[in-house]
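Report on the following structure.
Bear in mind these aren't lab numbers, they're just calculated from the coordinates by the rules spelled out. A quick note: this is a predicted structure, and the numbers were derived from the prediction, not measured. Every residue, glycine among them, receives a Cβ derived from its backbone with ideal geometry; neighbour counts consider all protein chains shown.
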Amino acid sequence: RFGLRNVLADCEAHGHFGRSAALAVWHGDLGETVAALQRGSDAIRLKLAEKKDRAQQPKDSALFSSQYAETLQLVAMCVAGYSGSDIQSNKASVWKNACEGLLRRPDLSDGTRNTHVSYLRAVCIFLINIGRE
């Protein structure tokens, strides 16, 4: 049987934390979305520390960079700040502007061809567009 938790765990076991977060948000589990992103950031930082101790470079430096770990944390904060689909409220407007600003960062821009970043963009865009008519 393939429940959501099993699928998310499988994604994360393969290092696909952004995909796990996207699946969780699309299933309405914002807490699990934030947790997946934080686990991803923590896993990257741990791997970087281990590689530093061994004086080795990670195989996929784009996915195992401190910048990508920071991006996961920023998207986690974006998701955690989401307060519902009432995009007319002042609080939602501030959140939406901050989230749109996050999407303008070079590491999350449209020009990025990285699948992992595409999932992070999808999470933010999905939440921005909930409730729009």
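Taking the Cβ of Gly40 as the centre, find all other residues whose Cβ is under 11 Å away and add up their charges (Lys, Arg: +1; Asp, Glu: -1).
For residues surrounding Gly40, the net value is +2.
Starting at the first residue of the stretch 12-18, write each ³J(HN,Hα) from the Karplus equation 6.51 cos²θ - 1.76 cosθ + 1.60 with θ = phi - 60°, in whole Hz, x for Gly and Pro.
5, 4, 9, x, 9, 5, x
Apply the Karplus parameterisation 6.51 cos²θ - 1.76 cosθ + 1.60, with θ equal to phi minus 60°, to every residue of the stretch 26-35 and state each ³J(HN,Hα) to the nearest whole Hz, in sequence, with x for glycine and proline.
Each residue's phi maps through the Karplus curve to give 5, 9, x, 9, 5, x, 5, 4, 4, 4 Hz.
How many nm separate the modelled label positions at Leu48 and His14, each set 7 Å beyond the Cα in the direction of the Cβ?
2.5
Using the Karplus curve 6.51 cos²θ - 1.76 cosθ + 1.60 with θ = phi - 60°, what ³J(HN,Hα) values do you get for each residue of the stretch 121-126, in whole Hz, with x for Gly and Pro?
So the Karplus estimates, Gly and Pro as x, are 4, 4, 4, 5, 5, 4 Hz.
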